[in-house]
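Got a structure here, written out as structure tokens. Questions coming.
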Amino acid sequence: MTTRRFEDAPSTLPLMLKAALPALPVVGSLPGVKHASGAVPDLVLERSGVGTDPAHLERYLDVCGFPHVEHLPATYPHMAAFGLHMALMTDTAFPFAPMGLVHLRNRITQHRPIGVDEVFDVSVRAADLRPHPKGRLVDLLTAVTIDGELVWDEVTTLFSRGRGGAPETSPAPLEGVEAPRGVVHWRLAGDLGRRYGAVSGDRNPIHLYPVTAKAFGFPSNIAHGMWTKARSLAGLQNRLPDAFSVDVEFKKPVLLPTTVVFGSTTGDDGTDFGVRAQKKDSTHLVGRITPS
């Protein structure tokens, strides 16, 4: 296993440009640009001594709708990991070109709350390359530790469309779970993708403007999946335990601008939640919170 350490967060804008190169004719097949096929890279990316910038946190809370609390929102450590995710996915040893990937599922486990003043370490690696009926799946595994204690981890499941798919080797985490119907309406402005992208560093063109999204086959720019997950947790903040796991599956993209409907139900085993379209009977996101 090779470990690559970063003093600072990787700059995401150059990595976004690097991510686009494999999709270009001729350029995408050049050595140093073309991605390998086969196994996931035997590589771990690490950052140590990561602190929280209060101004950045304030902007994140604002765009995602979180209240001001003493601890980081459960989705916030993803901000510290995103640059490492991009660095890993743009490495030519990674088995897929980044621009063709779809963020299909995401699981976050908060083992305990992280204080806003705490300093933590982050590591990222790829694992579990496996079949999907319409292509293949791969996981990005992120771990956050404080003084050697695992306090937070994340599984980011990415889908690559392709021929020769096969049934998944194990059931999807939320198989059979339906998004509850709700009454809470969110009006989402057309600039939401640009606002969240400025905070998260995820400036994928599909999120920014209608014209840039159309170049990738979308009728308009779409909301980030991790924004939708964060906004859902913000709506449930007063019901979250100190330790829990939250699984989501991203269904249909949220085309901007739009209005969506959030709903949730709580039972003995946890809370199911979801985001549905306002006018059509379609689901954008389904999720489940399970206390640890």
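Bear in mind that the values in this text are calculations on the coordinates, not laboratory data. The shown structure was predicted, so the numbers you read here are calculated from the model rather than taken from an experiment. Every residue, glycine as well, gets a Cβ built from its backbone with ideal geometry; the counts of neighbours run over all protein chains shown.
From (1) out of contact with any helix residue (DSSP H, G or I) (no Cβ under 8 Å at 6 or more places or on another chain); (2) assigned to a strand (DSSP E or B); (3) not hydrophobic (A, V, I, L, M, F, W, C), pick out the condition that doesn't hold for Arg163.
Here Arg163 meets the rest and fails (2).
Oh, and also: Within region 240-265, restricting attention to residues that are among the aliphatic types (A, V, I, L, M) and part of a strand (DSSP E or B), which residue is nearest to the chain's Cα centre (by Cα)? I'd like the intermediate steps shown before the answer.
First pass over region 240-265, keeping only residues among the aliphatic types (A, V, I, L, M): 240, 243, 246, 248, 254-256, 260-261.
Next cut, part of a strand (DSSP E or B) only: 246, 248, 255, 260-261.
Details: Val246: 12, Val248: 10, Leu255: 17, Val260: 19, Val261: 21 Å.
Looking at residues that are among the aliphatic types (A, V, I, L, M) and part of a strand (DSSP E or B), I get Val248.
Separate question: Quick check on Gly164: is it more than 15 Å from the chain's Cα centre (by Cα) and closer than 30 Å to His132 by Cα?
Details: more than 15 Å from the chain's Cα centre (by Cα): yes; closer than 30 Å to His132 by Cα: yes.
Taking the combined requirement at face value, the residue satisfies it.
For region 1-39, how many residues are in a helix (DSSP H, G or I), surrounded by 12 or more Cβ atoms within 10 Å (Cβ to Cβ), touching a residue at least 60 places away in the same chain (Cβ under 8 Å) and of a type in the set (A, V, I, L, M)? Step through it out loud before you land on a result.
The first filter runs over region 1-39 and keeps only residues in a helix (DSSP H, G or I), leaving 12-23, 27-29.
From what is left, the residues that are surrounded by 12 or more Cβ atoms within 10 Å (Cβ to Cβ) are 12, 15-16, 18-23, 27-28.
Remaining after also requiring touching a residue at least 60 places away in the same chain (Cβ under 8 Å): 12, 15-16, 18-20, 22-23, 28.
Going one step further and asking which of them are of a type in the set (A, V, I, L, M), we end up with 15-16, 19-20, 23.
Number of matching residues: 5.
Answer yes or no as to whether Pro131 is out of contact with any strand residue (DSSP E or B) (no Cβ under 6 Å at 6 or more places or on another chain) and assigned to a strand (DSSP E or B). If you could, list the steps in order and put the result at the bottom.
Working: out of contact with any strand residue (DSSP E or B) (no Cβ under 6 Å at 6 or more places or on another chain): yes; assigned to a strand (DSSP E or B): yes.
When the stated conditions are applied, Pro131 passes them.
Can you report the number of residues in region 254-289 which are buried (at least 16 other Cβ atoms within 10 Å of the Cβ), in contact (Cβ under 8 Å) with a residue 40 or more places away in the chain and not acidic (Asp, Glu)?
Adding up the residues that qualify gives 19.
Taking region 204-239, which residues are farther than 15 Å from Leu256 by Cβ and part of a loop (DSSP other than H, G, I, E, B)?
Selection gives Ala215, Gly217, Leu236.
Looking at (1) among the small types (Gly, Ala, Ser); (2) farther than 25 Å from Gly38 by Cβ; (3) surrounded by fewer than 18 Cβ atoms within 10 Å (Cβ to Cβ), which is the only condition Gly100 fails?
Condition not satisfied by Gly100: (2).
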